[in-house]
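Remarks on the structure that follows.
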Amino acid sequence: MRHRVDHRKLGRTASHRKALMRSMVTSLFDAERITTTAPKAKEARRVAERLITRAKKGHQAHAAGQTSVALSHWRGAGRVVRNTDVLRKLFDQLAPLYMERNGGYTRIIRLDHMRVGDNARLVLLELVDTEKTKKPLVRGVAAPTPDAAAGGDVKPDKDRATKPKKEKKAARPRTARDKKESKTAEKPSKKAGKSTAASKGKTKSNTKAKRSGD
């Protein structure tokens, strides 16, 4: 029985799960917003918030001149965040941003669509109060053009102007007379057949007469 076990296994082994958390947390600190499934987002949020708290303590120790304490926190966070540039961003940019906030550095937003294939619930895991996440996330809305943003009149494009389509005339229903005319046009007449046969007979007789004369 799983008593006092509060983490999710996520269908992975321990080493695979640790590598997954490292990758997700590094992507979160780098992009400040990632899309993933709900169980993985809840597990990654715990790791990310603990790292931000460690970065805040390291930033305070560095400001106070306690280099050994700051270095200890740097190395502790470096065990999870293996990218040096992202680790520097965590200590230099994100830690001072959340210095006055006691926890709650991330948020999870449920999306209105599922993942294609297994129909899993997708969520947004993002940092709070950053320059990127302060902007509202609106899907399907085009960005305004510079002229429209400045308040000028935007002229419609001539090439893209749609012309009204001409209405097609309704086809006249075929009558019995039209059907008979089409059949007669397709079949050759009997008179034409007789004339062609007569012409063939004349040509044969002419050739025989020439041969006999020779």
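The values are calculated or read from the model by the stated rules, or taken from the named source; none is laboratory data. Please read all numbers here as calculations on a predicted model, not as lab measurements. Cβ atoms come from the backbone with ideal geometry, glycine included; neighbour counts cover every protein chain shown.
Every test in (1) surrounded by fewer than 18 Cβ atoms within 10 Å (Cβ to Cβ); (2) at pLDDT below 95 is passed by Val81 save one, and that test is (1). Where helices (runs of 4 or more DSSP H) fall entirely within the range 1-99, those with at least 3 residues that are closer than 30 Å to Asp118 by Cβ are at 14-31, 38-63.
Kindly establish whether Arg110 is surrounded by fewer than 13 Cβ atoms within 10 Å (Cβ to Cβ), touching a residue at least 60 places away in the same chain (Cβ under 8 Å) and not acidic (Asp, Glu). Against the criterion (surrounded by fewer than 13 Cβ atoms within 10 Å (Cβ to Cβ), touching a residue at least 60 places away in the same chain (Cβ under 8 Å) and not acidic (Asp, Glu)), Arg110 qualifies.
So how many residues does the range 103-127 have that are within 28 Å of Gln93 (Cα to Cα), part of a loop (DSSP other than H, G, I, E, B) and either touching an Asp or Glu at 6+ places or on another chain (Cβ under 7 Å) or hydrophobic (A, V, I, L, M, F, W, C) (or both)? Result for the range 103-127: 2.
Which members of the range 44-71 meet the condition of being in contact with a Ser or Thr (Cβ under 8 Å, 6 or more places away or on another chain) and among the β-branched types (Val, Ile, Thr)? Passing the criteria: none in range.
Every residue, every condition in (1) under 26 Å from Thr133 (Cα atoms); (2) surrounded by 14 or more Cβ atoms within 10 Å (Cβ to Cβ); (3) under 24 Å from the mean Cα position of the chain (by Cα), yes or no:
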| residue | (1), (2), (3) |
| --- | --- |
| Arg2 | no, no, no |
| Asp30 | yes, yes, yes |
| Arg33 | yes, yes, yes |
| Arg46 | yes, yes, no |
| Arg50 | yes, yes, no |
